[in-house]
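Step one of this worksheet: look at the structure below.
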Amino acid sequence: MTLRKPFRTFRRTGKRLLLGIKKFHRAKPEAKKEAIGKLKELTDRVVKQAAGVVNTLYSRGHQASGRQLNRLVSLGKQIIAQTEEVLQGKNPTKRLYSLHEKDVAAIKEGKSFPSCEFGSLVSLAKNDDGLILSHQEYQRNMADVKTLGQVLSGIKRNTGHCPDDVTADRGFDQSLKKQENCRRRWGAKRMAIPKKGKHPHPDSKESWFRKALKQRVKIEPIIGHLKCDHRMNRCRYKGKAGDTVNVIWATLAWNTKKITHLARAKGERLTRKALPLAA
């Protein structure tokens, strides 16, 4: 199919402006804002040209091709509209972060680098042996304290009972009254969550509390292995279901490896105990 209408893509000009935004104008907010405005104008011209091509496709009877291109035109108009709001200092209510994945969310963890990550939020829970018992995925920036109940419900659903001791970091902290109500509702016996601020938790000096906090730290290397060894750092599947499938495969690989290691360690212990008896 050949279209005789001229179509300018501004590929070289767009690359030059994008390079300036990412590299040359880092310490120049005014120049960066001006380059973003120019890039928005070029995008607006390309979208208008594409809208004309859509009308041509419809008039010539190419309905399927026209619908596919029309979807991209709609996305381009949405990107132009939200860029105008950002340049005016406004905060778009429903922002689009990716052309290929609409469910991507901006996750800010308060770190210096990277200050913002794009993807989905994953909440994990493990036992003392290092096995992952439950996981939950979120397509928005969720507060940590709101994810604990769903993860514990997953543990209860998978194992048949709620764990006796529940521990988490300071991000899961809330008032002692709310924490006690949640503990009763979830069916846990004790909760070891350190308090924020200067005043420590009333049970912070108890042996069970300190032991639980030591167990909580052990989930950090597990997260690192899931990202680096089992490809949980980047999801290659589409949509919310794809994020869940990606986490399931990663946790399945980790649990299989961990169960094999635990079985081998148990066999070695039994062998060492049997050696004195045989002697």
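The values are calculated or read from the model by the stated rules, or taken from the named source; none is laboratory data. What you see is a predicted model, and the numbers here were worked out from it, not measured in a lab. With ideal geometry, Cβ positions are generated from the backbone for all residues, glycine too; neighbour counts draw on all protein chains shown.
Restricting 246, 255 to residues that are under 25 Å from residue 167 (Cβ atoms) and either surrounded by fewer than 13 Cβ atoms within 10 Å (Cβ to Cβ) or touching a residue at least 12 places away in the same chain (Cβ under 8 Å) (or both) narrows the list to 255.
Okay, residues lined up against (1) of a type outside the set (Val, Ile, Thr); (2) more than 19 Å from residue 221 (Cβ to Cβ); (3) out of contact with any Ser or Thr (no Cβ under 8 Å at 6 or more places or on another chain):
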site: 106; (1), (2), (3): yes, yes, yes
site: 124; (1), (2), (3): yes, no, no
site: 136; (1), (2), (3): yes, yes, no
site: 143; (1), (2), (3): yes, yes, yes
site: 150; (1), (2), (3): yes, yes, no
site: 154; (1), (2), (3): yes, yes, no
site: 163; (1), (2), (3): yes, yes, yes
site: 175; (1), (2), (3): yes, yes, yes
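Here are some conditions: (1) in a helix (DSSP H, G or I); (2) of a type in the set (Asp, Glu); (3) outside the structural domain of residue 127 (by TED's automatic domain parsing). Residue 203 meets all but one. Which one does it not meet? Single failed check for residue 203: (1).
Restricting attention to segment 223-266, the residues being among the hydroxyl-bearing types (Ser, Thr, Tyr) and touching a His at 6+ places or on another chain (Cβ under 9 Å) number 2. Assessment of segment 200-220 against the conditions (closer than 21 Å to residue 124 by Cβ, under 18 Å from the mean Cα position of the chain (by Cα) and surrounded by fewer than 13 Cβ atoms within 10 Å (Cβ to Cβ)) yields at least one matching residue. Of the strands (runs of 3 or more DSSP E) lying entirely inside segment 52-161, the ones with 3 or more residues being at pLDDT 90 or above are found at 121-126, 132-138.
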